[in-house]
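The values are calculated or read from the model by the stated rules, or taken from the named source; none is laboratory data. The structure displayed is predicted, hence computed values, not measured ones. Here the Cβ is made from the backbone with ideal geometry for all residues, glycine too, and neighbour counts use every protein chain on show.
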Amino acid sequence: MDDSSIPLPEGQGITNDTAGNTADNNATNGSDTFVLPGDFIGTTEEFRAGAQTYEKTGGVYAAITGTVRVNTARRLVSVIPCTDTPPVLERGDVVIGQIVGLRDSLAMVTIAGAKGVVDREIPNVGSAVVHVSNVKRAYVKDIAHEFGIFDILKAKIIDLNNMRLDTSEPEMGVMKALCSNCRTAMVRHDSKLKCPECGRIETRKLATGYGTGII
């Protein structure tokens, strides 16, 4: 996009006259102009940078993908996020994933979704890990006693660079587990899990919401 202001629909341009009709000046108008992060919206002489925009060397630029919205009374320009924009994970986000591998001190997890994100895939995350020190607050001797292959896990992101997860809080941990013997979904039996099919008892680091399906 070149360094000319994004055109606004007729009648929705920014004006310096704030003493006109109050109803018109208080209006917030969408320009229907689609922008990508870094796109030039206008100059700081025309607009003040609002939500999801930033100023740089006399210009106002989009910080996210979305559509331009202008407050004519305040000469403020913002970008409204597009609902189709893939969610971006942040430190502290709660995610749902599946255990795909176990090592001596690590559980490998494929992230499938995040709390608050419905029917949208989390893009390009790859694998995450839970280190044995982040499984629970008590000492963990064997991580295989806390997680099993194909378990569904609820965890919190504590390190984005290395995609490390934490399940030490009571509401974090295994949400669904399969019996390692017959692959039947296990049910909670006090602080452990019991297979309703073969009667096998297994241990897990259970989330408080185990078996409820509530994230």
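Residues of region 29-81 that are modelled with pLDDT under 85, part of a strand (DSSP E or B) and in contact with a Pro (Cβ under 9 Å, 6 or more places away or on another chain): Asn29, Gly30, Ser31, Asp32, Thr33, Gly66.
Conditions tested, residue by residue: (1) touching a helix residue (DSSP H, G or I) at 6+ places or on another chain (Cβ under 9 Å); (2) at pLDDT below 90; (3) not charged (D, E, K, R).
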position	(1), (2), (3)
Met163	no, no, yes
Met175	no, no, yes
Thr184	no, no, yes
Ser191	no, no, yes
Thr203	yes, no, yes
Gly211	no, yes, yes
